[in-house]
Amino acid sequence: MNIFNLIKIAYKSLMRNKMRAFLTMLGIVIGISSVITMVGVGESSQASINNQVSQMGTNLIMVQRARMRERGVSTGRDNVQSLKVKDVDLLANNTKYISAVSPVFNANAQIINGNYNWQGSVMGGNTDLMGIRNFELATGSNFTDDDIKKYAKVALIGHTIVEELFDENVDPIGKTIRVGNMPVKVIGTLKPKGENQMGDDQDDILLMPYTTVQKRILGIDFVHMIMASAVSEDVAENAVAEIEAILRASHKIQDGAADDFEVRTQAEMLEMMSSISGMMTTLLTAIAAISLIVGGIGIMNIMYVTVTERTKEIGLRMSIGAHNSSILLQFLCESVILSLIGGLLGIVLGLLMSYLLSVIQGMPYIVSTSAVILSFVVCAATGIFFGWYPAKKAASLDPINALRYE
Amino acid sequence: MSQAILQIENLRRVFQVGVEQVHALKGVSFSVNKGEFVSIMGSSGSGKSTLLNILGCLDTPTSGEYLIDGVSVKERSKNDLADIRNRKIGFVFQSYNLLARTTALENVELPLIYNSSVSSRERRERAKHALEMVGLTDRMFHTPNQLSGGQQQRVAIARAIVNDPVIILADEATGNLDTKTSYEIMSLFQELNEKGKTIAFVTHEPDISAFTSRIIMLRDGHIISDKTNEPLSAMLEIQKFKTSEIIPNS
């Protein structure tokens, strides 16, 4: 007896009880669609985190001053002055795995243009900082090394500051604004980046040569932070090791003594941010998987009922020459068809739901091929697993008793 | 001498019921030749069901020899027995046992589905031919609930002959039908018998066995009589019905 006949027989038997077949299938449809939806939502929130972290910079490595402890009390890093501009020069000249490096100074300042004013964040860096932080110019041009040498009073401003300080249709380029009491010329504007994962506005930024921020605004001789780009994601770890070695040597830290700085990579930040969303996804997927198991038990239940109900048919098939294996396969086929069709519907429904959710949440829509393939395999396995016992029961019936069954 | 289809030699069947042993068949011997129309008679408990199960290869004897079409069924596997049932035996049951919501044609095709040497086209042709033989050409695509009892039994008979068996085993095949329809079914069996089919018919009704050419009587697991019979023509009996019926212009 060939497989085609088998499928045909199983299909016809199912069609004799359309409503029941549909309801049985529904369990699988709900199970699979919720698994697909949950995995889809998980993946798209993961992707949106990835997106935002990579927006922070290209293979970004951040070197911060270490937090201090005094008599067991953490006093933060405000009083630590361990990073200097010469460290930046050392890193720029002595590393293989770093493509760009910049000192970073942060300040908050009142930014004023005529009647408009805005408390905004000011960032100082060298000419590479824009590349490291993935900022792109919208209009105008970046400052130059010459500007850095001259502590030039020039600035690139982010979208939020443009909106706060300038009327619409006014080109900010060439205008002079005040940062605190210092007049500064706007030489460029940055393309908007939106909010990051923590809800911070990345467009509320005024970028200036670091010398200007360091000497004219802050008046300090240390560096707040060093930002660097690794050559590629793969060598990020090597770059970190390199940075640590150079800085330890430069700061003359003894072997075994603690660093006076901290190095973090983008991957670490990513990991931190994804851990919570990953946990939620796992939890929700687990709940969805339970509903799939319940659906499978539904199939098993109905198959048992079917076998009992069709005892006479089984007896007849045996009496006209069906092997036990044919009976087994027929019933197995029925449960597999139920679960596969249910699975297909579930996959379609799940993809649709995760699409809708991602649209509502404003996250990227990702079709997880692995989840789709896995669900399909799980469906077939569910059909076989939960169909096996009822089918076995059918095949082990005694034809004489089965024929007499009323 | 004509060819023996069934040969039974000192057949015994013992059932174990709890601690007791029940001897359903206590040494039965007979043979059925090709072209015979045999009825096996007996009251309930006589062992005729057990005998039929063994003849139908649904059950195996405790001892004794049973050859069907020259093949011994002793110590055969379940699958071998299933193949013998599929190729050599046609069953007709009292309650028809048709698949519900399945057309007559598909019901008749059923035994051939389990025979991998028959293509689906051949299967359809043979099923159509079998339905023609039982006079149901115009009911091929009707489902059992659209057919009368007599028509359903005809479909069942078509299903029994579609695999061209060496013997048709009928188990109280007229038990669920009224007298007139029973006679029509017996007429069909007689017709098939005239075309060369060998038929074994289990019944407890003497007026049904009167249509067969040989009557074997069983009682308490023994054959108490085995004699040839001059069969009544079922066709003539039906005509008698028609004349005695007082239904004008029916």
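The values are calculated or read from the model by the stated rules, or taken from the named source; none is laboratory data. All values derive from a computational prediction rather than experimental measurement. FYI the Cβ positions are ideal-geometry reconstructions off the backbone, even for glycines, and counts take in every protein chain you see. Side chains included, ligands, DNA and RNA excluded: accessible areas come from the protein's heavy atoms. Shrake-Rupley method; radii C 1.70, N 1.55, O 1.52, S 1.80 Å.
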Positions from the stretch B:84-129 whose accessible area shrinks by 50 Å² or more when the full protein complex is built, not the chain alone, probe 1.4 Å: B:85, B:97, B:99, B:101, B:113, B:114
Accessible area of chain B belonging to carbon and sulfur atoms, whole % at 1.4 Å probe: 47 percent
Per residue accessible area of the stretch A:96-196, 1.4 Å probe, in Å²: 48 Å²
Residue among B:56, B:91, B:79 farthest towards the positive dipole end of the stretch B:47-100, charges placed on Cβ: B:91
Mean-position separation - Cα centroids, the stretch B:107-160 and the stretch A:124-146, in angstrom: 86 Å
Mean Cβ neighbour count within 10 Å, used as a protection proxy, ranking A:62-68, A:339-345 highest first: A:339-345, A:62-68
15 Å cut-off, amide nitrogen to a point 7 angstrom out along residue A:370 Cα→Cβ, residues in the stretch A:22-42: A:36, A:39-42
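Quick check: residue separation of residue A:237 and residue A:170 times 0.36 nm, minus the Cα distance between them. What number comes out in nm?
Full-extension gain reported as 19.6 nm.
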Karplus 3J(HN,Hα) series, Hz, for the stretch A:209-223 with 6.51 cos²θ - 1.76 cosθ + 1.60 (x for Gly, Pro): x, 5, 4, 4, 5, 5, 8, 7, 9, 8, x, 10, 10, 9, 10
Relative contact order computed over the stretch B:151-250 (Cα-Cα under 8 Å; 6+ residues apart), in percent: 25 percent
Sites residue B:34 and residue B:76 - FRET efficiency at Förster radius 25 Å, r taken between beta-carbons, to 0.05: 0.65
Separation of the residue B:176 and residue A:348 label points, Cα + 7 Å toward Cβ, nm: 4.0 nm
Charge-dipole axis of the protein assembly as shown as Lys and Arg at +1 and Asp and Glu at -1 on Cβ define it, positive-most pick from A:10, A:110, B:235: B:235
Shape call, chain B: gyration tensor on alpha carbons, a/c limit 1.5: oblate
Pairwise burial B:A, computed as accessible area of each alone minus the pair, summed, 1.4 Å, Å²: 2200 Å²
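Placing +1 at every Lys and Arg Cβ and -1 at every Asp and Glu Cβ, with all other atoms neutral, what dipole size does the stretch B:79-157 have around its Cα centre, in debye to the nearest 20?
It comes to approximately 20 debye.
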Convex hull volume of the stretch A:81-259 per residue (C-alpha atoms, cubic angstrom): 129 Å³
FRET efficiency, 1/(1 + (r/R0)^6) with R0 30 Å, evaluated for residue A:253 and residue A:106 via beta carbons: 0.75
Near-label residues of the stretch A:246-274 by backbone N, under 16 Å of a point 7 Å along Cα→Cβ of residue A:71: none
Beta bridges by DSSP in the protein assembly as shown, antiparallel share as percent, to the nearest 5: 70 percent
Label point 7 Å beyond Cα of residue A:134 along Cβ direction - residues of the stretch A:92-113 with amide nitrogen under 12 Å: none
Residue B:22 paired with residue B:229, simple spin-label distance in nm, labels 7 Å along Cα-to-beta-carbon: 2.6 nm
Percent carbon-and-sulfur accessible area, the stretch A:81-259, ignoring ligands, DNA and RNA, probe 1.4 Å: 45 percent
Cα-centre dipole for chain B with unit charges at Cβ (Lys and Arg positive, Asp and Glu negative), debye to 20: 400 debye
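At 0.36 nm per residue, and after removing the present C-alpha to C-alpha distance, how many nm does the segment from residue A:96 to residue A:4 gain when stretched out fully? Walk me through the numbers on the way to the answer.
Details: separation 92, 0.36 × 92 = 33.12 nm, distance 6.38 nm.
In short, 26.7 nm is gained.
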Given charges at beta-carbon only (K, R positive; D, E negative), |dipole| of the protein assembly as shown in Debye: 1400 debye
Residues whose placed amide H lies under 5 Å from that of residue B:94, excluding near-sequence neighbours: B:171
Cross-link pairs A:149/A:252; B:34/B:78; A:86/A:153; A:18/B:180; A:96/A:175 - those with Cα-Cα distance over 31 Å: A:18/B:180; A:96/A:175
Gap separating the Cα centres of the stretch B:5-28 and the stretch B:176-250, nearest whole Å: 28 Å
Rounded tilt (10° steps) of A:324-361 against the dominant C-alpha axis of chain A: 30 degrees
Helix axis angle, A:3-15 relative to chain A longest principal axis, alpha carbon, degrees: 90 degrees
Cα convex hull of the protein assembly as shown - mean projected area over all directions, nm²: 51.5 nm²
Among A:13-20, A:142-149, the order from most to least packed when residues are scored by Cβ within 10 Å on average: A:142-149, A:13-20
Percent of C-alpha pairs per 10 Å bin, the stretch B:49-142, short to long: 14, 40, 30, 15, 1
The stretch A:35-86: C-alpha gyration tensor shape, a/c 1.5 cut-off, then a/b vs b/c: oblate
Alpha-carbon centroids, the stretch A:331-406 and the stretch A:10-59: separation in whole Å: 13 Å
Calculated FRET value between residue B:117 and residue B:148, using beta carbons and R₀ = 51 Å, to 0.05: 0.90
Rounded tilt (10° steps) of A:85-94 against the dominant C-alpha axis of chain A: 60 degrees
Charge dipole (the stretch A:81-259, unit charges on Cβ, about Cα centre) - positive-most of A:91, A:241, A:159: A:91
Packing-based order for A:42-49, A:357-364, using average beta carbon neighbours within 10 Å, highest first: A:42-49, A:357-364
